[in-house]
Amino acid sequence: MMKKTVLAFGLFILAVLGIGYVTQQKPAQQPVQETKKIVKVGVLQLLSHPALDAIYKGITDELGNLGYVDGKTMQIDFQNAQADQSNLVSMSQKLVSEKPDILIGITTPATASLANATKEIPIIMGGITYPVQAGLIASEEKPGNNITGVSDRTPIKQQLELMKKVVPNLKKIGILYTASEDNSTRQVEEAKELAKALDLEVVVKSISNTNDIEQVTEGLASDVQAIFVPIDNTVASAMATVVKVTDKYKVPVFPSADTMVKDGGVLGIGVDQYKIGVETAKVVVAVLNGVEPKEKAIVLANEGVVYINETKAKALGIDIPEEIKAKAIIVDKE
Ligand code: TRP
């Protein structure tokens, strides 16, 4: 009797262990697969211009530094919409259908298009000027959805003050921007108010696309002493055309990105575009490691560094005060 009970108990234990063994088999194999898993990243960029290309380079370089190497531990699908709205839509759908671990939007329109395509996959913004006003997130402290990332807002007031210091007797400025770019429209509204407070008369002119930029710049340059350009994608992609016209009238251009100063502006206050990419990559990795986008505050890449193109300033006969130069980065010399 006693022996039987022991035997039955023994069999019972074996059975339990057996079940345990079987149920453990699967989980025991999974971690091996997980360490081999390649992280899938989808990137959507509105178009190519030096600023956006620098952001993308900053992203891939920093991801590499952090252990995510394209083709090895990570697989990037990079899509460039060539400034075409229908491309943005189809490319967003394609990227989402590939079920990536994470998405990156470079520019406001690209991020907005990704946001339309998925409410689940995390989307990291690479240099978005006004993410709240563009309707991408609820607040900069707490986005509240699947979107977070880096903003590249610049201090417009300081930019206008610098223009006054650099251009003698500055009374009348022009503002050049693209009507269809949400990010620019906001900056222009802000700039108009700030200019008034600084006793500057303002002439605002918008372009539809790169086709009318030469003609619109001509109208503006013939009428003002200096031109302010916000963080505008279309103008950034056609700086050569803008500068060709403004040079003819000897009117200095004051843009809002280091790359645009290098492309023929005189002086600008803003952020190193490559650094925006580096900061974006850091957010990507934080989210891959489990930080929730809805709780992750926006990073402001706003350092307020002054960039100067000395060659252009000299060519236009502009003397930049030493006090400004001392703290600035000269971008026309490599
Ligand atoms: N901030 C722009 C946007 O929200 C994109 C951008 C980033 C940009 N860096 C730039 C545009 C420099 C012009 C120049 O769409």
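Before moving on, here are some points about what is shown:
- Test: residue in the stretch 121-128 that is within 14 Å of the ligand (Cβ to nearest atom), under 30 Å from P252 (Cα atoms), surrounded by fewer than 22 Cβ atoms within 10 Å (Cβ to Cβ) and not aliphatic (A, V, I, L, M): no
- Of the numbered criteria (1) surrounded by 24 or more Cβ atoms within 10 Å (Cβ to Cβ); (2) hydrophobic (A, V, I, L, M, F, W, C); (3) touching a residue at least 60 places away in the same chain (Cβ under 8 Å), the one V285 fails is (1).
- Of the residues making up the stretch 32-65, those that are loosely packed, with under 15 Cβ neighbours inside 10 Å and over 17 Å from the mean Cα position of the chain (by Cα) are V32, Q33, E34, T35, K36, K37, I38, N65.
- Unmet requirement for S139, which otherwise passes all of (1) free of Cβ contacts under 8 Å to residues at least 40 places away in the same chain; (2) buried (at least 24 other Cβ atoms within 10 Å of the Cβ): (2)
- Options I106, I173; residue that is within 14 Å of the ligand (Cβ to nearest atom) and buried (at least 20 other Cβ atoms within 10 Å of the Cβ): I106
- Selection within the stretch 233-289 - of a type outside the set (A, V, I, L, M), within 17 Å of the chain's Cα centre (by Cα) and away from the ligand (no atom under 13 Å from the Cβ): K282
- When restricted to residues that are open to solvent by less than 20 Å² (accessible area, probe 1.4 Å), without any contact (Cβ under 8 Å) to a residue 40 or more places away in the chain and of a type in the set (V, I, T), the stretch 210-242 contains 1.
- Considering the stretch 147-170, and only residues there that are charged (D, E, K, R) and more than 15 Å from the ligand (Cβ to nearest atom), the residue that is nearest to V299 (Cα to Cα) turns out to be K157.
- Residue within the stretch 76-84 that is open to solvent by 70 Å² or more (accessible area, probe 1.4 Å) and at pLDDT below 95 present: no
The values are calculated or read from the model by the stated rules, or taken from the named source; none is laboratory data. Values in this document were obtained by computation on a predicted structure and should not be read as measured data. Don't worry about glycine lacking a Cβ; one is built from the backbone with ideal geometry, like all the others, and counts go over all protein chains shown. Each accessible area value is taken on the protein alone, full model and side chains, heavy atoms only, with ligands, DNA and RNA left out. Shrake-Rupley method; radii C 1.70, N 1.55, O 1.52, S 1.80 Å.
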